[in-house]
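A.B. asks: Below is a structure I'd like to ask you about.
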Amino acid sequence: MATETPEQAPAVDGVLSLSISEPPQSSSSNPTSQMSLEEKYQMLRSLAEECIQEDELRNLLAHKPEPIAYDGFEPSGRMHIAQGVMKTINVNKMTSAGCRVKIWIADWFAMLNNKMGGDLKKIETVGRYMIEIWRASGMNLDNGKVEFLWSSKEINARPEEYWLRVMDIAQKYTVQRITRCCPAMGRNVEEDLTAAQILYPCMQCADIFFLQADICQMGMDQRKVNVLAREYCDEIKNKDKPIILSHHMLPGLQQGQEKMSKSDVSSSVFMEDEEAEVNLKIKKAYCPPNVVEGNPCMEYVKYLILPWFNEFIVERSEKNGGNKTFKSFEELAADYESGELHPADLKSALSKALNKILEPVRSHFKNDKTAKQLLQTVKKYRVTR
């Protein structure tokens, strides 16, 4: 892979070129230099529901001081907590473990997938709004280890390298194999796909090599295209396969909603929702008593609240059992299954914890003029598929 520094490229079709990166701190001030190999491994492994492969991850950490981790997103509407809070947690874990994180702002991909009606100017506005969310939510952007890279800008800076890779991937695989990657776009194999949506997985696979990623850290819905990248390594006799760390997909608020959706407001808590909105949404959320599996409220505590605060505090009257602080999900699950913890008390504590996480974001979008304007604009957009 080419390693030269790309030249600056002009913005495409009015899309602003934006890359956020701070000067790196000296290694002496970097706390990761004090972490053992096992601590780094456990930190990274903790953010993934599945790791392909664990021995490769250990070997990578043993031989590369600053692995490159890649994540990407389509700017496609308002940001919900599954994307906002979880990505903040995961990115901060990766940088704490010594990784450099490249976050791919997939503006061209959003256009190919008909997000924001395929309007690049709207997509760029949504991308800027999302970066403001992560800044306000506490993503560590001050250590020089996180870059936001716009796909349009980066591809136009090194077009020959990128498109030759895309064409090579397309040449090596059948349409049937490529369409198996449709979940990465939020599509089903049975859908009547456009030609652009066939091209999309080939491009996403190429991204991994273009960004020289050692680790693909994305949701379980991206698993198939990441596995395609590993298969492609076999095709080109590349022994350095990208390691896949696939995080859990948080369900929507209502029964049967497998994941939060921007197009279904009943399924989501948004990052700038007011306190009263959060309280009402959690109050109405599906939360069957004594049932842990398939309970979205329990999952939000497991994957958002406990990783954020390292504890979950339930405040209740002495009559109802008194206050209790849970330090582990296992402890919480045991109380909930036994009936010691009532759904109403769980929901109240969950709402309070979520609002504590979201308050800095709400404050930023109320008090920062640029952020406020971005949110007002994004709220006017119609979410499209």
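A.B. asks: Right, Lys327: open to solvent by 50 Å² or more (accessible area, probe 1.4 Å) and touching an Asp or Glu at 6+ places or on another chain (Cβ under 7 Å) or not? Walk me through it before giving the result.
C.D. replies: Values: open to solvent by 50 Å² or more (accessible area, probe 1.4 Å): yes; touching an Asp or Glu at 6+ places or on another chain (Cβ under 7 Å): yes.
When the stated conditions are applied, Lys327 passes them.
A.B. asks: Hey, does segment 360-372 have a residue that's charged (D, E, K, R), within 27 Å of the chain's Cα centre (by Cα) and open to solvent by less than 70 Å² (accessible area, probe 1.4 Å)? Before the answer, list the steps.
C.D. replies: First, the residues of segment 360-372 that are charged (D, E, K, R): 362, 366, 368-369, 372.
Now restrict to residues that are within 27 Å of the chain's Cα centre (by Cα): 362, 366, 368-369, 372.
When the remaining residues are screened for being open to solvent by less than 70 Å² (accessible area, probe 1.4 Å), the result is 362, 368.
Yes, segment 360-372 contains at least one residue that is charged (D, E, K, R), within 27 Å of the chain's Cα centre (by Cα) and open to solvent by less than 70 Å² (accessible area, probe 1.4 Å).
A.B. asks: Pick from segment 245-287 the residues that are in a strand (DSSP E or B) and of a type in the set (Ser, Thr, Tyr): which of them is nearest to the chain's Cα centre (by Cα)?
C.D. replies: We begin by selecting, within segment 245-287, every residue in a strand (DSSP E or B); these are 245-247, 261, 264, 270.
Subset that is of a type in the set (Ser, Thr, Tyr): 246, 261.
Numbers: Ser246: 10, Ser261: 13 Å.
My answer is Ser246.
A.B. asks: May I ask you to list pairs of residues, at least six apart or on different chains, whose Cβ atoms are under 7 Å apart, with the first in segment 52-67 being on the phi < 0 side of the Ramachandran plot and modelled with pLDDT of 95 or more and the second being assigned to a helix (DSSP H, G or I) and open to solvent by 80 Å² or more (accessible area, probe 1.4 Å)?
C.D. replies: Close Cβ pairs (under 7 Å, with a partner that is assigned to a helix (DSSP H, G or I) and open to solvent by 80 Å² or more (accessible area, probe 1.4 Å)) amount to Leu61/Leu37; Ala62/Leu37.
A.B. asks: Which ones in segment 261-277 are touching a helix residue (DSSP H, G or I) at 6+ places or on another chain (Cβ under 6 Å) and crowded, with 22+ Cβ neighbours inside 10 Å? Quick ask: steps written out before the conclusion?
C.D. replies: Quick first cut of segment 261-277, residues touching a helix residue (DSSP H, G or I) at 6+ places or on another chain (Cβ under 6 Å) only: 261, 269, 271-272, 275.
Result: Val269, Met271, Glu272.
A.B. asks: Here's another thing I want to ask about it. In segment 299-324, how many are open to solvent by less than 40 Å² (accessible area, probe 1.4 Å) and among the acidic types (Asp, Glu)? Give the steps one after another, and end with the answer.
C.D. replies: Residues of segment 299-324 that are open to solvent by less than 40 Å² (accessible area, probe 1.4 Å), as a first pass: 299-301, 304-306, 312, 314, 316, 322.
Restricting the remaining residues to those that are among the acidic types (Asp, Glu) gives 299.
Summing the residues that are open to solvent by less than 40 Å² (accessible area, probe 1.4 Å) and among the acidic types (Asp, Glu) in segment 299-324 gives 1.
A.B. asks: If Leu149 meets every condition in (1) surrounded by 15 or more Cβ atoms within 10 Å (Cβ to Cβ); (2) out of contact with any Phe, Trp or Tyr (no Cβ under 9 Å at 6 or more places or on another chain); (3) modelled with pLDDT of 90 or more apart from one, which number is that one?
C.D. replies: Failed condition: (2).
A.B. asks: Among what's in segment 121-144 and is more than 16 Å from the chain's Cα centre (by Cα) and at pLDDT below 95, pick the residue that is least open to solvent (accessible area, probe 1.4 Å). Walk me through how you get there before you give the answer.
C.D. replies: Narrowing segment 121-144 to residues more than 16 Å from the chain's Cα centre (by Cα): 121-125, 142-144.
When the remaining residues are screened for being at pLDDT below 95, the result is 142-144.
Values: Asp142: 117, Asn143: 23, Gly144: 1 Å².
My answer is Gly144.
For every residue, the table says whether it meets (1) of a type in the set (Val, Ile, Thr); (2) touching a residue at least 40 places away in the same chain (Cβ under 8 Å).
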{"position": "Phe148", "(1), (2)": "no, yes"}
{"position": "Glu161", "(1), (2)": "no, yes"}
{"position": "Ile169", "(1), (2)": "yes, yes"}
{"position": "Thr179", "(1), (2)": "yes, no"}
{"position": "Ala206", "(1), (2)": "no, yes"}
{"position": "Cys216", "(1), (2)": "no, yes"}
{"position": "Cys233", "(1), (2)": "no, no"}
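A.B. asks: Of the residues Ser33, Ser46, Ser28, which single one is over 30 Å from Val378 (Cα atoms), among the small types (Gly, Ala, Ser) and modelled with pLDDT of 95 or more? Full working, then the answer.
C.D. replies: Values: Ser33 fails: modelled with pLDDT of 95 or more; Ser28 fails: modelled with pLDDT of 95 or more.
None of the others qualify; the one that does is Ser46.
A.B. asks: Can you tell me which residue within segment 308-345, out of those that are assigned to a helix (DSSP H, G or I) and of a type in the set (Asp, Glu), is farthest from Leu47 (Cα to Cα)? Lay out the reasoning, then the answer.
C.D. replies: Taking segment 308-345 and keeping what is assigned to a helix (DSSP H, G or I), we get 308-309, 318-320, 329-338, 343-345.
Checking which are of a type in the set (Asp, Glu) leaves us with 318, 330-331, 335, 337, 345.
Working: Glu318: 36, Glu330: 17, Glu331: 20, Asp335: 25, Glu337: 25, Asp345: 27 Å.
Step by step, filter segment 308-345, then rank; the result is Glu318.
A.B. asks: Now a separate question. Restricting to segment 175-230, name every residue that is at pLDDT below 90 and on the phi > 0 side of the Ramachandran plot.
C.D. replies: Within segment 175-230, Gly186 is the sole residue that qualifies.
A.B. asks: Which ones in segment 309-358 are among the hydroxyl-bearing types (Ser, Thr, Tyr), closer than 11 Å to Cys297 by Cβ and under 25 Å from the mean Cα position of the chain (by Cα)? Even if it seems obvious, please write down each step before you answer.
C.D. replies: Taking segment 309-358 first, the residues among the hydroxyl-bearing types (Ser, Thr, Tyr) are 317, 325, 328, 336, 338, 348, 351.
Checking which are closer than 11 Å to Cys297 by Cβ leaves us with 336, 348, 351.
Across segment 309-358, the qualifying residue is only Ser351.
The values are calculated or read from the model by the stated rules, or taken from the named source; none is laboratory data. Note that the structure is predicted; figures quoted are calculated from it, not measured. FYI the Cβ positions are ideal-geometry reconstructions off the backbone, even for glycines, and counts take in every protein chain you see. All accessible areas refer to the heavy atoms of the entire protein, side chains included, with ligands and DNA or RNA removed. Shrake-Rupley method; radii C 1.70, N 1.55, O 1.52, S 1.80 Å.
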